[in-house]
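Worksheet: the structure to be examined is printed underneath.
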Amino acid sequence: MTVGRLSHLSSPEERERRHRALREAMDGAGIDVLVVCSRGDEFMRGRVQYVSDIFQWAGWGIVVLPASGEPTFISDPLWGLGRPMLIDFIQDLRSTQNPGREICGIVHDHGYAGGTVGVVGLADIVPAAHYRQMKEAGPDLTFVDATDLFDDVRMIKSEEEIGHLYQTSSILKRVFKALEAEIRPGVSELDVLGEAHRLVRQHGCLDGIAQMARTPFTTYTFGTYGVIEEDDVIAIDLEWGGPGGYWVELRRVFSFRPPSDAQRRFWDSRVESVEACVDAMRVGASSDDVLTAMNRVYAKYGQTAEGVVNYTAHGIGLDSLEPPWVPGKERVMEENMVINLHPQIRFEDADLAGEVSGICVSDNVLVTADGPVRMTDQVDEWILLDG
């Protein structure tokens, strides 16, 4: 029998780097044990994956990382331990219906009775029942939120992580090129997006979504029973974690005919706003400077994003959404942060929205000491297809 290897495993050196960086942050904050909590979706599972290489597709997962000693993984019975057993990074694997009691037992076993426990996820996703279990099982322990401490460590990407991000970019770029042959009049949305899923899976991507919007634009969907027509403008969004687990979000716009004057003007303004946002992603700048750059272009074209709370930009990595959130969670931009960009906009005119609102550009941007670097496309192109 041929024995394979899981694709998303990090190198031993990278694993050690992550634990060392987290333990240094713990020491600075007076934390004895870090409890890293995740949820089985593309927004939160990366926290546990970052410290364990364990891919948590469903349910909840927890890694207990002491300041000294080996970590422990605790699994939701829904997901179990079969997948974690394929990984040799963590030897202590447990499954329980009372994770709070299990966590406190581990903390005491490591000799940290009366110590301080930092809980990653306490600010956003830790179930109330789990936190109550921890408090009841560890009355001698002090529990503090360590969400920002953890996220501030992992938002700075290593060379290995950046390599994984470039790998995902390369895959999605090839998939988009292959889809040009699939997008044609008479083909259903489901067929096109089904082929997108087949291709990215064939390249080893772990999880993700393929979405489409067509004129008249209302929203991106995972594919309707509608059939593509010759006068459509088609926008496709691919968001996938690659073989290394690292996410890229890209969008492309296609048509069989040249865009209308209104669509061309809007496309040009979108490209200009993206370029301005990318240029704002510089070491030492605030992540909110991205919004300032976007709004400056919008004012030039009579556009607005006022009142829009959807993210124009956000960090990205093992989770498809990491800090900073723009708007919502400001950070000073540092070297080797990776930020996904897709400027949001608001429409007052429903007819105009139907004609242009799905037209969008998206890419990952690497913050470097020499300035921002787009990781997939250096030039944005409206793709004209043969009908």
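Numbers below:
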| read-out | value |
| --- | --- |
| Residues that are in a helix (DSSP H, G or I) and either at positive phi or surrounded by fewer than 23 Cβ atoms within 10 Å (Cβ to Cβ) (or both), drawn from the stretch 27-73 | 27, 28, 29 |
| Looking only at the stretch 362-379, and only at residues there that are assigned to a loop (DSSP other than H, G, I, E, B) and at pLDDT 95 or above, the one that is nearest to residue 336 (Cα to Cα) | 369 |
| Test: residue 291 is hydrophobic (A, V, I, L, M, F, W, C), within 30 Å of residue 175 (Cα to Cα), under 23 Å from the mean Cα position of the chain (by Cα) and outside the structural domain of residue 149 (by TED's automatic domain parsing) | no |
| Flag if residue 324 is modelled with pLDDT of 95 or more and either surrounded by fewer than 22 Cβ atoms within 10 Å (Cβ to Cβ) or not in a loop (DSSP other than H, G, I, E, B) (or both) | yes |
| Neighbours by Cβ (under 6 Å, 6+ apart or cross-chain): first from the stretch 39-64, in contact (Cβ under 8 Å) with a residue 12 or more places away in the chain; second basic (Lys, Arg) | 50/154; 56/45; 60/39 |
| Options 195, 189; residue that is surrounded by fewer than 21 Cβ atoms within 10 Å (Cβ to Cβ) and either free of Cβ contacts under 8 Å to residues at least 24 places away in the same chain or among the acidic types (Asp, Glu) (or both) | 195 |
| Options 349, 319; residue that is over 19 Å from residue 274 (Cβ atoms), crowded, with 16+ Cβ neighbours inside 10 Å and in the same structural domain as residue 284 (by TED's automatic domain parsing) | 319 |
| Pair list, Cβ < 8 Å and 6+ apart or interchain, from the stretch 244-258 residues that are of a type in the set (S, T, N, Q) to residues that are surrounded by 22 or more Cβ atoms within 10 Å (Cβ to Cβ) | 255/233; 255/234 |
| Residues of the stretch 245-302 classified as in a helix (DSSP H, G or I) and over 22 Å from residue 335 (Cα atoms), total | 20 |
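The values are calculated or read from the model by the stated rules, or taken from the named source; none is laboratory data. Since this is a predicted model, take the numbers as computed values, not measurements. FYI the Cβ positions are ideal-geometry reconstructions off the backbone, even for glycines, and counts take in every protein chain you see.
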